[in-house]
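See below for the structure under consideration.
The values are calculated or read from the model by the stated rules, or taken from the named source; none is laboratory data. Model, not experiment: these values are computed from the prediction. Cβ atoms come from the backbone with ideal geometry, glycine included; neighbour counts cover every protein chain shown.
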Ligand SMILES: N[C@@H](CCC(=O)N[C@@H](CS)C(=O)NCC(=O)O)C(=O)O
């Protein structure tokens, strides 16, 4: 088996894939591809140039959700992250989509980008956009707090891809110097800590610290 993850450590989507691989105890290597500065050859692997992409032997796959689903199907003897009843699997997919398409534009592409990444790309921080994103996030925090409904994890009372997909967005949010208000959303904040305490996440955060220090 030769799994290669293309991408950069601070991308929430790369983190999602790496967390899946670690949780599944699948060995992999990383090849650095910086977003916005992709080499021409990378478009043959990831047609939109986005990170992450995965190589598994002769096969190339892109998009974090597609990659995580592939890992689940291709390596069935590893710990399950996208399994359960049809209703549970649908709910995992929904929450992953919610994180990727509703949270990411606010937590990562606005808060993290402006507060942390922009300066290293020679761009100014658009603090007005950050403030609008923070206001929009309130409704998302409310929704997710309600979705937890007193449970430790989002789906089926066990750790799944939904937990990874959501918490990976909170990581970029915190890299943008913002935190979930524990007084207002106590279950969501506790859930974040629970997921971040996992060995997989601790390994990734330690790995990311170096790159974060370089751009901050
Ligand atoms: N839906 C994609 C999103 C990936 C994505 O937007 N990655 C960003 C970095 S966090 C990227 O590659 N941006 C560069 C670009 O769009 O050219 C996934 O889940 O993999």
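Scanning segment 185-199 for residues that are assigned to a loop (DSSP other than H, G, I, E, B) and under 17 Å from the mean Cα position of the chain (by Cα), we see that the one that is surrounded by the most Cβ atoms within 10 Å (Cβ to Cβ) is 198.
Flag: residue 208 does not match the condition of being surrounded by 18 or more Cβ atoms within 10 Å (Cβ to Cβ) and assigned to a loop (DSSP other than H, G, I, E, B). The residues of segment 45-59 that are away from the ligand (no atom under 13 Å from the Cβ) and surrounded by 12 or more Cβ atoms within 10 Å (Cβ to Cβ), listed by number, are 55, 56.
Checking each residue in segment 23-44 for being surrounded by fewer than 19 Cβ atoms within 10 Å (Cβ to Cβ) and in contact (Cβ under 8 Å) with a residue 60 or more places away in the chain picks out only 36. Restricting attention to segment 11-22, the residues that are more than 8 Å from the ligand (Cβ to nearest atom) and in contact (Cβ under 8 Å) with a residue 60 or more places away in the chain total 5.
Per-residue answers, yes or no, for (1) under 20 Å from the mean Cα position of the chain (by Cα); (2) surrounded by fewer than 16 Cβ atoms within 10 Å (Cβ to Cβ); (3) over 28 Å from residue 87 (Cα atoms):
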| position | (1), (2), (3) |
| --- | --- |
| 123 | no, yes, yes |
| 131 | no, yes, yes |
| 143 | yes, yes, no |
| 155 | yes, no, no |
| 161 | yes, no, no |
| 183 | no, yes, yes |
| 204 | yes, no, yes |
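On inspection, residue 64 qualifies as within 12 Å of the ligand (Cβ to nearest atom) and closer than 13 Å to residue 164 by Cβ.
The numbered conditions (1) surrounded by 13 or more Cβ atoms within 10 Å (Cβ to Cβ); (2) more than 15 Å from the chain's Cα centre (by Cα) are all true for residue 63 except (2). Taking the numbered list (1) over 25 Å from residue 215 (Cβ atoms); (2) surrounded by 15 or more Cβ atoms within 10 Å (Cβ to Cβ); (3) more than 14 Å from the ligand (Cβ to nearest atom) in turn, residue 70 passes all entries but (3).
Comparison of 138, 167 shows that the only residue that is outside the structural domain of residue 17 (by TED's automatic domain parsing), buried (at least 16 other Cβ atoms within 10 Å of the Cβ) and in a helix (DSSP H, G or I) is 167. Does residue 83 satisfy being assigned to a helix (DSSP H, G or I), away from the ligand (no atom under 15 Å from the Cβ) and out of contact with any strand residue (DSSP E or B) (no Cβ under 9 Å at 6 or more places or on another chain)? Here the answer is no, as residue 83 does not meet what is asked.
Restricting segment 61-73 to residues that are in contact with a strand residue (DSSP E or B) (Cβ under 7 Å, 6 or more places away or on another chain) and assigned to a helix (DSSP H, G or I), the residue that is farthest from residue 144 (Cα to Cα) is 70.
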